[in-house]
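The values are calculated or read from the model by the stated rules, or taken from the named source; none is laboratory data. Keep in mind that this is a model prediction, so the values were computed, not measured. Heads up, the Cβs are rebuilt from the backbone with ideal geometry, glycines too, and the neighbour counts pull from every protein chain shown. We work out accessible area using only protein heavy atoms, side chains counted, and drop any ligands, DNA or RNA first. Shrake-Rupley method; radii C 1.70, N 1.55, O 1.52, S 1.80 Å.
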Amino acid sequence: MRWKAGLPAVALPLLCAMLAACGSGQNGSGQGGDKPAAAEETKPPKPPEPVTLTMTNHRSVGFTEKDFQTYFVEPVKKKYPHITLEYIKPTEGMYLEDLISARKTPDLIFASNGYFALLQQLDVMQDLNEYVKTNNVNLSMYDQPILDRIRQAGDKSELYSIPFSLNYGAMFYNKDIFDKFGIPYPKDLMSFEEILPLAKRINRTENGVPYIGFEPQHADTIAGQLGVPAVGSNDVPNFNTPEYKRVFDFLKQVYEIPGQIGPNGKYNWGRNGFLKDQNLAMFLEWTNDFAAPLEDAMKAGFTNWDVSGLPNFQDKLGNGRTVDSHMTFISKTSRHKEEAFQVLLESVSRETQMLVSANARISSIPDKTIQANYAKNFESYKGKKVQNIFLTKQTVSQKASLYGSKAGSIVREEQKNMALGLKDVNTALSDAQDRALKNVQEEKSK
């Protein structure tokens with residue numbers, strides 16, 4: 001008989017069998033015992049805990065409960081069923097400032113870059129750089145000037161959001177009026193210098209109806225196309241600049257066209273003049289703000305209109321209105337920042353952005369396929385030259401000042417005084433500068 005390692009050769013197979021049985025977790029009866037380690041590894045992961053996030057929008061930013069459902073609730077529900085979103089409608093006593101005062105700051109806030117200064121004052125915005133890095137977000141797919149503008153709001157290149165949609169300006173024109181007077185339609189992109197003589201050809205009164213060739217809207221909006229905000233980042237108003245002088249000189253030429261100033265000092269013919277009264281031939285407006293009213297006007301029978309790119313002075317042609325982007329901010333006080341960031345990402349995904357574009361909002365992703373989808377869901381836009389909207393690019397201006405909004409209201413008041421002949425250009429601008437500067441000083445002294 002041969003021996004190996006101190007054991008009889010006939011005993012070795014028996015020992016191996018016994019060890020195998022022990023390793024398999026069998027008991028004496030050959031039943032039950034612990035589960036194999038491999039079974040533990042194939043256990044399905046534990047589902048995430050349910051989370052409820054609240055969301056509101058700044059009261060002056062166009063955002064509806066339908067928008068909330070379409071761009072946030074529905075996309076999130078598909079990918080993150082454990083996240084529930086609740087909308088807080090900004091009404092009396094429920095505005096953002098009210099919610100913050102009551103220590104009920106929402107997890108998500110929808111606003112525009114125009115409110116950076118206010119949101120900074122409220123100390124509510126969460127820097128997202130860490131979340132972008134952790135989630136490997138490719139920021140290069142988004143509109144870079146807008147991202148630059150967002151980073152400009154902070155002191156250390158903070159990224160407070162990823163843009164949801166952009167708001168361009170455009171010129172809308174009533175084809176019926178041009179047809180009525182046998183005047184060719186506006187070109188796809190025109191300068192103010194070209195628009196002025198065209199407007200003069202249209203202004204007239206027929207059968208008691210005053211027809212107005214062109215409505216320029218607001219001085220501060222046009223000045224933004226020249227890269228000059230109402231109040232600079234140094235909190236000094238800009239109404240004594242060459243750019244504002246140029247804008248007021250142009251506006252004065254518009255107001256001096258016979259018939260431009262109507263009865264009772266009517267100098268701004270606005271949206272009603274274009275959509276309701278339909279006596280305004282060319283009108284400048286924000287694309288986001290005008291989409292729904294145009295759809296309503298179609299239902300009321302007004303369909304013979306079209307769109308050109310936003311005009312500017314000849315040497316600045318192609319420069320659109322100042323950067324205006326709508327976006328979602330995550331609150332610093334949110335207890336679910338990671339989930340809130342996932343919600344934000346879904347709203348700016350390519351899939352959601354295709355829908356954003358189809359619903360007549362300009363996507364934050366400058367992609368030709370997405371742009372070609374613009375306003376596809378709007379019946380009123382069918383057959384229109386909607387791609388003319390993209391002939392201009394937004395103009396980047398200085399960092400916003402907290403006092404810009406009030407200063408904008410002041411310069412519009414002085415614009416009216418100039419339009420009605422109560423003040424000349426230089427006096428109106430000088431008074432606007434003094435009044436806006438006084439407001440800054442008074443606010444700072446509080």
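Check 290, 274, 302, 283 and return the single one that is closer than 23 Å to residue 206 by Cα, in a helix (DSSP H, G or I) and open to solvent by less than 10 Å² (accessible area, probe 1.4 Å).
None of the other options fit; the residue is 274.
Within the range 368-390, if we keep just the residues that are under 18 Å from residue 146 (Cα atoms) and in contact (Cβ under 8 Å) with a residue 60 or more places away in the chain, the residue that is surrounded by the fewest Cβ atoms within 10 Å (Cβ to Cβ) turns out to be 390.
Restricting to the range 90-114, what's the tally of residues that are of a type outside the set (S, T, N, Q) and surrounded by fewer than 22 Cβ atoms within 10 Å (Cβ to Cβ)? Here the count works out to 13. Note on the range 409-424: residues that are crowded, with 22+ Cβ neighbours inside 10 Å and not aliphatic (A, V, I, L, M) total 2. What do you reckon, is residue 44 out of contact with any Leu (no Cβ under 7 Å at 6 or more places or on another chain), more than 28 Å from residue 290 (Cα to Cα) and at pLDDT 95 or above? So residue 44 fails the test. Residues in the range 274-282: is at least one of a type in the set (Lys, Arg) and under 30 Å from residue 437 (Cα atoms)? No, that holds for no residue. Within the range 400-427, being within 32 Å of the chain's Cα centre (by Cα) and among the small types (Gly, Ala, Ser) holds for 400, 401, 404, 405, 407, 408, 409, 419.
Working carefully through the options 227, 259, find the one that is in a loop (DSSP other than H, G, I, E, B), open to solvent by 10 Å² or more (accessible area, probe 1.4 Å), free of Cβ contacts under 8 Å to residues at least 60 places away in the same chain and not β-branched (Val, Ile, Thr).
259
Taken over the range 262-276, the criterion of being free of Cβ contacts under 8 Å to residues at least 24 places away in the same chain and either out of contact with any strand residue (DSSP E or B) (no Cβ under 8 Å at 6 or more places or on another chain) or aliphatic (A, V, I, L, M) (or both) is satisfied by 263, 264, 266, 272, 276. Scanning the range 143-167 for residues that are buried (at least 21 other Cβ atoms within 10 Å of the Cβ) and among the hydroxyl-bearing types (Ser, Thr, Tyr) returns 160, 161, 165. Do you know which residues across the range 230-256 are touching a Leu at 6+ places or on another chain (Cβ under 9 Å), within 16 Å of residue 410 (Cβ to Cβ) and surrounded by 19 or more Cβ atoms within 10 Å (Cβ to Cβ)? Across the range 230-256, the qualifying residues are 231, 237, 239, 244, 247, 248.
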